[in-house]
Structures are given as C-alpha cells and as structure tokens.
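J.: Once you've had a glance at the structure underneath, I'll fire off some questions.
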Amino acid sequence: MMWPTEAQQHITVTLDDVVGLLESEWSAKRARVFLAKGGSKIIDESDSAADPKNQLYIADIARNTTTKTVTILLNRGDPDTAPTAFLNIPAASVRTPKAGAPETPGWSAHLVISMTADSGGRHRAAFEQMQRVSSGLVEMALSRMLERAVEGNPAFTYSVAVKKAGKPKMVQQKGRPYLDAARVPSENLKDDLDQGSLSSVTLTRRKRYYAGVGASDVIRYEEEKIVIHTAPVAKAKVISTLEDVIRQAKDDGFEKVSFKLDKLPGNATNNPTIDLSVQDALEHLYVRAVRLDNFSAPLDGCYAKACDEIESKMIAVVNDQNRW
C-alpha cells in the first residue's frame, strides 16, 4: 500500500513577514500576553489567574527604511511591584504617588532588529535591559503573538501522513512562524570557555519542610541540590544548553544555578552562581552588554512611544560592523 505524499512541512517565512504579522496584531490591539504572578511564565487570557494589569505587550512598532531596521517598544505592567517613592531628605519626608484604578507600575524596553540579513541569514538585534523581564520571556511572548496571528490561516497549515485503523490518511497540522534568537556571548564567557571548560551545573532549591533528625530550633532549613555533570562540547552548544537548563530550573522551582568552569589558566576555576529570582540574571552574567550614555536629558522608565534618542543609539549599535 502506498502512503499519501506528505506535504511540505517547512514554510519559508522572512523577517519582513514576521514583522508584518506583529504589526497587524499591534494594530488590532492583540499584541500582548498575560503573565503569571511573579512574571516568569505566560498564561492564557482565559486563565483564572490572568490579571489585566500583569501584561507584556507591544506599545509601539515602526520601521526605518533609511537604516533598514525595525524598532519594537515593549511595555510590562507589574502589579506586584511597589510604586516609586521620592525622598525629600532635608525635610525627612517621603512622597509615594498613588496609581489610578486602571494603572500599574510599568517599564519599557526597546528591541531594534536589522531587516538586512548577514551571509548566514541572521539578523542583528539589540534588546534594552528591562526590569523583571528577560529577553527569553520577550522571545516567548513574541512567539505567542505570532501563533495567534496565523491562527486559522490556511497558508500556515500542512498535511502529514498518519495511520488510522491500519490505513494511511492525510491529516492537517498547524504551523507557525517564530523568532529564534541566539545571544552574543560576553567576553568573560568566551574567555572562560576558550581557556577552560564547563564541568558541572548545580541546581539548588530550599525545601519547604524539614522532616529529618535534630532539634527544630537548631535546623534552619534543608536544601536540595542536583548536580549535572557536562561533557566538553562546542561553545555555542554550551551556551544554548545553559539557557535551556536555566529556563527549566525556573519552571521546576529551583532558586539558584551554579556553574563550575575549570581548567582555566593557572589551574584556576570559576564558579558563578545565578539567582533565578532575577529575571535577567544570565544576561547580566554572560550575555554581551553595551552601555549607552551621553543622553541629552534624563530617561524615563516607561514610554508610550519609542524614545527617539534611545532608538537612534541602539540602531547605531546594530549597524556597527565592529561590534559583531
């Protein structure tokens, strides 16, 4: 018996197509995701825990045909964060502005992407560090928006042959475009991996209850540790694995991740530890960062539209050949 011919499963989508889908979602005011309490996970709008104030959304999106870039302004509302307080030190007083009923503390971050691909088909991008929001969470949010954007679109479906009741049958499957981001490693990580090797990863979390021996007023708490021993592999694979391990560790309730880098010059070792309560801990530790300065005026923490000066400086970084 001949199987039906399987349809093409990989649909070619360009960055221009992806940006177009995000623009459509933004215009329709659907370019948003709801976040669980704590902000580390995306939840459905229908979830009982969904809070209209706890969202990550596209506030602005614009293309620049001159620089061949697109800028996406992402805003995060976080009702779990206390509003900013202002001190009057000479008067020894404190003023805390009160938020209105629909308002919540929030932050902005700009994402600038080059619309021009390099020889490997990759597009340069720069993401502004954002409080309590990692680039990984933004990546997942954009993927969720893109998934919604193509829901029901026949152009993003494909057929696959399956066996039912012993007979071959073609079944329609859903496809979706996605943005796959590769972080540019910092010089510290590159140096450590060039000169040494990652030998283990340790996950740590505090157990809620201690049921062992000993006086309860002596034992403070018990920690659970899982040690993962790693093999020497290519740098790119190590970095990708670290990102996957950290994401899974967060989901499983671990509080800290420690890495053991050994065989460094002078037989030295490096044991960096990441506090998983900090959303962008890995990015601060081991993802290349560029400090932008010399702004003409103090910057705000949140914007309704992209800030021209931040955008122009980030575009300069993206288009600077010497930084990549």
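The values are calculated or read from the model by the stated rules, or taken from the named source; none is laboratory data. Quantities reported herein were computed from a predicted structural model and do not represent experimental measurements. Glycine gets a Cβ as well: all are built from the backbone with ideal geometry, and neighbour counts include every protein chain shown.
J.: Looking at the range 63-132, what strands (runs of 3 or more DSSP E) fall wholly within it and have at least 3 residues that are more than 23 Å from residue 145 (Cα to Cα)? Full working, then the answer.
T.: Details: elements: 69-77, 86-88, 93-95, 106-117, 123-127.
By residue number, 86-88, 93-95.
J.: Quick check on my filter: what residues within the range 293-317 are charged (D, E, K, R) and within 25 Å of residue 57 (Cβ to Cβ)?
T.: 300, 305, 308, 309, 311, 313
J.: Is it the case, given these coordinates, that residue 254 is hydrophobic (A, V, I, L, M, F, W, C) and either at pLDDT below 75 or outside any loop (DSSP other than H, G, I, E, B) (or both)? First the steps, then the outcome.
T.: Details: hydrophobic (A, V, I, L, M, F, W, C): yes; either at pLDDT below 75 or outside any loop (DSSP other than H, G, I, E, B) (or both): no.
Against the criterion (hydrophobic (A, V, I, L, M, F, W, C) and either at pLDDT below 75 or outside any loop (DSSP other than H, G, I, E, B) (or both)), residue 254 does not qualify.
J.: Regarding residue 108, is this residue surrounded by 13 or more Cβ atoms within 10 Å (Cβ to Cβ), in contact with a Phe, Trp or Tyr (Cβ under 7 Å, 6 or more places away or on another chain) and either more than 30 Å from residue 266 (Cβ to Cβ) or not assigned by TED's automatic domain parsing to the domain that holds residue 264 (or both)? Reasoning before the result, please.
T.: Details: surrounded by 13 or more Cβ atoms within 10 Å (Cβ to Cβ): yes; in contact with a Phe, Trp or Tyr (Cβ under 7 Å, 6 or more places away or on another chain): yes; either more than 30 Å from residue 266 (Cβ to Cβ) or not assigned by TED's automatic domain parsing to the domain that holds residue 264 (or both): yes.
Yes.
J.: Here is a further query. Quick check: anything in the range 286-302 at pLDDT below 95 and in a helix (DSSP H, G or I)?
T.: Checked against the condition, which is being at pLDDT below 95 and in a helix (DSSP H, G or I), the range 286-302 yields at least one hit.
J.: Can I ask one more? Check off (1) assigned to a loop (DSSP other than H, G, I, E, B); (2) out of contact with any strand residue (DSSP E or B) (no Cβ under 7 Å at 6 or more places or on another chain) for residue 139 and give me the number that stays unchecked.
T.: Every condition holds for residue 139 apart from (1).
J.: Checking the condition assigned by TED's automatic domain parsing to the domain that holds residue 147 and more than 28 Å from residue 180 (Cβ to Cβ), which residue from 98, 41 passes?
T.: One residue alone meets the criteria, 98.
J.: Right, something else. Given the criteria loosely packed, with under 14 Cβ neighbours inside 10 Å and over 22 Å from the mean Cα position of the chain (by Cα), does residue 49 qualify?
T.: When the stated conditions are applied, residue 49 does not pass them.
J.: Hey, another quick one. If I filter the range 234-247 for residues that are at pLDDT below 80 and not in a helix (DSSP H, G or I), do I get at least one hit?
T.: Yes: the range 234-247 contains one or more residues that are at pLDDT below 80 and not in a helix (DSSP H, G or I).
J.: Considering only the range 111-147, how many residues are crowded, with 17+ Cβ neighbours inside 10 Å and on the phi > 0 side of the Ramachandran plot?
T.: Residues meeting the conditions: 1.
J.: Would you check which residues across the range 291-306 are more than 19 Å from residue 105 (Cα to Cα) and surrounded by 11 or more Cβ atoms within 10 Å (Cβ to Cβ) and list them?
T.: 292, 295
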